[in-house]
Amino acid sequence: MNNSDIDLSKLPKFVYIFLIALVAGILFWAFIGSALLRDAPEMQEAHDETVRLVKKYDTAMEQKDTIEKEIKRNNEEFEKKQKELFIDVDTCSKELEQYFKDNGIKLDTYALSAPVADSLKRVSSSGYPVYSTDLSIAYKDTYEKTLAFLKYIEKQTKGCYYVKSCAFKPDDAAKTGDVSISVTLYYYNTDEVATQAPTQAATTK
């Protein structure tokens, strides 16, 4: 045997392990490592974007209860505004009756005429036509209470009223008198939607 020949079987095991690891490292770098190094900036950018999205979702989840409460509050506010906008006869009638009850005014007459469609054919922006009805009210009480009631329907009620007439006939021996009031209530009829284009836009109170 020549001195240049090497008996591989006599090599230590760690040499084999080192050679195998070296070959594996070269193959890894050739097929995977270089590609990773080349794509590293894009991968880092994608990672950073994912981190930002996770933070955004975490923030949204933390605010979930707050957002739900805000949505509920807005819905309740919307429903309230809808009720205030579309005041019907029943709503106004109950409002007036409650006012008389709260102020100790005992009614002798409280009558509503049949609803009448607006002669100008005015409608709301949603297409609900304007209607009106006449109210006849009579009672016996003081001039001050009558004046307060007129101010109430002019500035504080939900409905839109027009005072057609008001008469106060005082008693000779008392501070009270016979009161008769005639008013017209204008309102949107939410049970009907206009089929034609509005001729004139109506405004709410």
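The values are calculated or read from the model by the stated rules, or taken from the named source; none is laboratory data. Everything numeric here is computed off the predicted structure, so don't read it as measured data. Counting neighbours? That spans all protein chains shown, and the Cβs are built from the backbone with ideal geometry, glycine included. Ligands, DNA and RNA are excluded from the accessible area calculation, which covers all protein heavy atoms including side chains. Shrake-Rupley method; radii C 1.70, N 1.55, O 1.52, S 1.80 Å.
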Of the heavy-atom accessible surface of segment 100-146 (probe 1.4 angstrom), what whole percent is carbon and sulfur?
52
Once you place label points 7 Å from the Cα toward the Cβ at Glu70 and Ser136, how far apart are they in nm?
5.5
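Length gain on complete extension for the stretch Glu154 to Ala21, per 0.36 nm per residue less the alpha carbon to alpha carbon distance?
Values: separation 133, 0.36 × 133 = 47.88 nm, distance 9.60 nm.
That works out to 38.3 nm of additional length.
Taking the highest mean first, how do the peptides 171-178, 140-147 order by number of other beta carbon atoms within 10 angstrom per residue? Can you show the working numbers first?
On the way: 171-178: 10.9, 140-147: 15.1.
Ranked from most to least packed, the peptides come out as 140-147, 171-178.
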Return the Cα extents of segment 80-166 along principal axes one, two and three, sorted largest first, each rounded to a whole Å.
42, 28, 18
